[in-house]
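For reference, the structure is listed below as structure tokens.
The values are calculated or read from the model by the stated rules, or taken from the named source; none is laboratory data. Worth saying up front: this structure is predicted, and the values here are computed from it rather than measured. Don't worry about glycine lacking a Cβ; one is built from the backbone with ideal geometry, like all the others, and counts go over all protein chains shown. Accessible surface areas use protein heavy atoms only, side chains included; no ligands, DNA or RNA. Shrake-Rupley method; radii C 1.70, N 1.55, O 1.52, S 1.80 Å.
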Amino acid sequence: MHNNWRLLFLPMALAAITENSVAQALSENEAKMFSAGTGYERFMGRWSRLLAPELVAFAGVKDGQRVLDVGTGTGALASALLKSGPGVQVVGIDPSAGFIAYAQKEAGPRARFEVGDAQTLKFADGSFDAAMALLVMNFIPDAGKAVLEMRRVTRPGGTVSACVWDYDAGMQMLRYFWDEVIALDPAMEPKDERHMKLSRKGQLGDLWRKAGLVNVEEQPLTIDQRYASFHDYWESFLKGAGPGGAYVVSLPEPKRQQLEERMRARLLKNGPDAPFTLKARAWCVKGQPSAM
């Protein structure tokens with residue numbers, strides 16, 4: 001059975017958390033945070049579906065091409081690829097069987113999904129016109145190995161591309177959340193997603209060049225997400241998806257309510273509930289395998 005490498009990016013010790021009950025609950029919820037497709041779609045999938053068409057355009061995918069979607073998740077990138085041209089063929093892999101089931105249910109006959117590991121792709125050399133990874137490179141234990149595999153299965157002159165959120169300052173949904181978490185509980189600072197690897201300018205480009213890809217280009221992509229209300233925002237954390245959701249559902253009710261009130265004041269600026277918009281920036285890269 002494949003390990004879900006999304007879970008392996010959490011190296012910080014639970015000893016940093018002062019309450020044993022919270023630590024135990026957090027550990028249990030981290031183990032489940034990428035297993036439920038519906039919850040994740042509500043939490044981050046809505047962002048992925050806005051970013052995916054931008055990555056498809058940046059990568060220059062053409063109609064009729066065969067594309068590998070690495071870490072397909074709930075299928076946001078696969079969906080955007082299928083919409084980009086009637087002849088595009090997609091193969092999506094992900095270590096989460098739950099995500100694969102969700103993506104397959106949503107896709108048509110031009111897409112095929114299977115459980116798989118980016119670090120050991122089973123496909124033949126040069127069997128794809130493009131290999132793409134949307135918001136997943138920083139969750140793979142050996143990202144360098146994954147890029148080498150993506151290069152291997154992409155034909156010379158094809159395109160290998162990826163995007164990663166700017167977790168430091170460019171992803172307001174999570175930046176505001178972790179700012180308030182740490183204000184309430186400074187011991188949680190090591191879990192702040194700003195420490196995520198490959199999430200700063202230039203890091204993906206360096207990784208692509210080290211993998212021997214040529215004509216490497218980097219570009220930030222920015223999107224806006226509109227929330228209908230504070231409930232629309234906060235409810236997504238209550239599904240337990242992602243590191244933020246895993247933390248929220250691990251809290252005892254009084255602490256959860258305290259965090260909720262801080263978030264409400266932050267997002268609504270102490271005003272009445274109303275729609276609001278948050279921004280997100282992703283660092284994106286593309287390169288080509290050279291002819292052997």
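Within the stretch 96-120, can you find the residues that are in contact with a strand residue (DSSP E or B) (Cβ under 9 Å, 6 or more places away or on another chain), surrounded by fewer than 23 Cβ atoms within 10 Å (Cβ to Cβ) and more than 21 Å from Asp63 (Cβ to Cβ)?
Ala97, Ile100, Ala101, Gln104, Glu114, Val115, Gly116, Asp117
State whether the residues of the stretch 204-218 include one that is touching a Phe, Trp or Tyr at 6+ places or on another chain (Cβ under 6 Å) and not aliphatic (A, V, I, L, M).
Taking every residue of the stretch 204-218 in turn, none turns out to be touching a Phe, Trp or Tyr at 6+ places or on another chain (Cβ under 6 Å) and not aliphatic (A, V, I, L, M).
Take the stretch 262-287 and flag every residue that is of a type in the set (A, V, I, L, M) and within 25 Å of the chain's Cα centre (by Cα). Steps first, please.
Residues of the stretch 262-287 of a type in the set (A, V, I, L, M): 263, 265, 267-268, 274, 278, 280, 282, 285.
Within the stretch 262-287, Met263, Leu267, Leu278, Ala280, Ala282, Val285 meet the criteria.
Right, Lys239: surrounded by fewer than 18 Cβ atoms within 10 Å (Cβ to Cβ) and touching a residue at least 24 places away in the same chain (Cβ under 8 Å) or not?
Taking the combined requirement at face value, the residue does not satisfy it.
Take the residues of the stretch 198-232 that are more than 22 Å from the chain's Cα centre (by Cα) and of a type in the set (A, V, I, L, M, F, W, C): which is surrounded by the most Cβ atoms within 10 Å (Cβ to Cβ)?
The extreme case among them is Leu213.
Could you grab the pairs with beta carbons closer than 8 Å, sequence gap of 6+ or different chains, first residue in the stretch 69-94 and of a type in the set (Lys, Arg), second one in a helix (DSSP H, G or I) and open to solvent by 10 Å² or more (accessible area, probe 1.4 Å)?
Short answer, once both residue conditions are applied: Lys83/Pro53.
Looking at the stretch 212-276, what helices (runs of 4 or more DSSP H) fall wholly within it and have at least 1 residues that are at pLDDT below 95?
Correct list: 230-237, 242-250.
Being surrounded by fewer than 21 Cβ atoms within 10 Å (Cβ to Cβ) and not aliphatic (A, V, I, L, M) is the filter here; which residues of the stretch 132-157 pass it?
Taking the stretch 132-157 as the starting set, the residues that turn out to be surrounded by fewer than 21 Cβ atoms within 10 Å (Cβ to Cβ) are 138, 141-142, 144-145, 148, 152, 155-157.
Asn138, Pro141, Asp142, Gly144, Lys145, Arg152, Arg155, Pro156, Gly157 - these are the residues of the stretch 132-157 that are surrounded by fewer than 21 Cβ atoms within 10 Å (Cβ to Cβ) and not aliphatic (A, V, I, L, M).
Looking at the stretch 168-191, which of its residues are buried (at least 16 other Cβ atoms within 10 Å of the Cβ), more than 15 Å from the chain's Cα centre (by Cα) and not in a helix (DSSP H, G or I)?
Scanning the stretch 168-191 gives a single hit, Asp185.
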